[in-house]
Amino acid sequence: MAILTFERFAEVLDEVIGRIPPRYLRGLTGGFNLQDGKKREGGYLILGEYIESGMLGSFIMFYYGSFVDLLRGEPVESWEAEITETVLHELQHHLESMAGRDDLAREEMEELARALQKEK
């Protein structure tokens, strides 16, 4: 059971990103970024997000504190798997955006709508 330090988390994140073929990173002008804090939207933890900004370009942000809240006490392998899954998920948002698609965003909105219906 572990909590990855911020430094070790950054290393694992860099290792995962380093395995991505460059062709999938085209247009990701702001690259990958890591913040120490956590992010929530409503009652949901945000582990990472794909951001498109006219001023800053396209980039992916990861929130270390959100991973800590989600994975506290989990084995290192769980952290590594969640980091990998989040990188791939956010990269999919980027690739869909480049292709003029929003399949994943629509799927997420449907998931949110179902969750909100259950809360009633």
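Key figures
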| item | result |
| --- | --- |
| Those residues of region 1-39 which are basic (Lys, Arg) and without any contact (Cβ under 8 Å) to a residue 12 or more places away in the chain, in sequence order | Arg8, Arg19, Arg23 |
| Some residue of region 64-74 being at pLDDT 90 or above, touching a helix residue (DSSP H, G or I) at 6+ places or on another chain (Cβ under 6 Å) and under 21 Å from Gly43 (Cβ atoms) | yes |
| Complete set of residues in region 81-96 that are touching a helix residue (DSSP H, G or I) at 6+ places or on another chain (Cβ under 7 Å), within 19 Å of Lys38 (Cβ to Cβ) and either small (Gly, Ala, Ser) or surrounded by fewer than 19 Cβ atoms within 10 Å (Cβ to Cβ) (or both) | Glu82 |
| Residues being touching a Ser or Thr at 6+ places or on another chain (Cβ under 6 Å) and surrounded by 14 or more Cβ atoms within 10 Å (Cβ to Cβ) - total across region 47-68 | 4 |
| Region 27-80 - residue that is touching a strand residue (DSSP E or B) at 6+ places or on another chain (Cβ under 9 Å) and assigned to a loop (DSSP other than H, G, I, E, B) and, of those, farthest from Leu4 (Cα to Cα) | Gly27 |
| Count of region 6-25 residues which are assigned to a loop (DSSP other than H, G, I, E, B) and loosely packed, with under 11 Cβ neighbours inside 10 Å | 2 |
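The values are calculated or read from the model by the stated rules, or taken from the named source; none is laboratory data. Please read all numbers here as calculations on a predicted model, not as lab measurements. Every residue, glycine as well, gets a Cβ built from its backbone with ideal geometry; the counts of neighbours run over all protein chains shown.
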